[in-house]
1. Could you list, in sequence order, the residues of region 36-51 that are under 10 Å from the mean Cα position of the chain (by Cα) and more than 11 Å from residue 83 (Cα to Cα)?
2. Under the condition of being surrounded by 11 or more Cβ atoms within 10 Å (Cβ to Cβ) and of a type in the set (D, E, K, R), which residue from region 65-93 is nearest to residue 48 (Cα to Cα)?
3. Filter region 157-186 for residues that are touching a residue at least 40 places away in the same chain (Cβ under 8 Å) and among the β-branched types (Val, Ile, Thr) and give the result.
4. What residue, of 178, 137, 133, 159, is in contact with an Asp or Glu (Cβ under 7 Å, 6 or more places away or on another chain) and under 27 Å from residue 105 (Cβ atoms)?
5. Of all the residues that make up region 177-200, how many are modelled with pLDDT of 90 or more and not in a helix (DSSP H, G or I)?
6. What tally of residues in region 92-118 results from selecting those that are at pLDDT 90 or above and assigned to a loop (DSSP other than H, G, I, E, B)?
7. Could you please find all residues in region 55-64 being surrounded by fewer than 18 Cβ atoms within 10 Å (Cβ to Cβ) and either in a helix (DSSP H, G or I) or under 20 Å from the mean Cα position of the chain (by Cα) (or both)?
8. Hey, could you check region 16-32 for residues that are of a type outside the set (Val, Ile, Thr) and over 15 Å from residue 175 (Cα atoms) and say which is surrounded by the fewest Cβ atoms within 10 Å (Cβ to Cβ)?
Amino acid sequence: MATRKKTITDPLSDNNPITIQVLGICSALAVTVQVQTAFVMACALTVVLCSSNVLISLLRHHIPSRIRMIVEVSVIASLVVVVDQVLRAFFFELSRQLSIFVGLIITNCIVMGRAEAYAIQNPPAPSFMDGLGNALGYSFILLLVASFREIIGSGSWYGWNLFPEGYVGSGLAILAPGAFLILGIIIWVQRTVTQNFKDD
């Protein structure tokens, strides 16, 4: 039980896929101008990561080692297509705002990394927990960055205005350099608090 709990809680802080492993940085910068788009992206990655981990775990004894990575990519790509089509069917405007970034989950190092490092070697239940933990860790940082960017840049959070009318937001926060700056500060604070330094 303790091991399963650690599987979920560890990626939230001590082994966060973004702030510690430095994976999934592109989407952390590209889709975090608004909390709403970041939330949808987080949900999409969570579905793909948990599902791909379970499927690859179920297939692990039947996948020839020579084509292991091809099968993993095929499973992930199929799931991404399904998620993308669901978003297009039911949340078209959000799908349009996310543009190509849902499709790029296929190349997200977190998804491929968990399939290769964990799911291919473990049973379905632990693989699901591993996928969920890493997805939650990714989602937490994604939503944190988006919250700072939307509040500072637009004076709102999830579309709700937080400041009086006439608030002039910081243009830097909604541009890529602002995203880099905010993410850099979060990484610095998180690593300082946990004393987790990969260079040691």
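The values are calculated or read from the model by the stated rules, or taken from the named source; none is laboratory data. Treat the numbers as computed from the prediction; the structure is a model and nothing was measured. So basically every Cβ, Gly included, is an ideal-geometry build from the backbone, and we count neighbours across all protein chains shown.
1. Result: 38, 39, 42, 49.
2. 84
3. Listed by number, the residues that qualify are 174, 186.
4. Answer to the selection: 133.
5. 0
6. Qualifying residue count for the region: 1.
7. Answer for region 55-64, where residues must be surrounded by fewer than 18 Cβ atoms within 10 Å (Cβ to Cβ) and either in a helix (DSSP H, G or I) or under 20 Å from the mean Cα position of the chain (by Cα) (or both): 58, 59.
8. The selected residue is 21.
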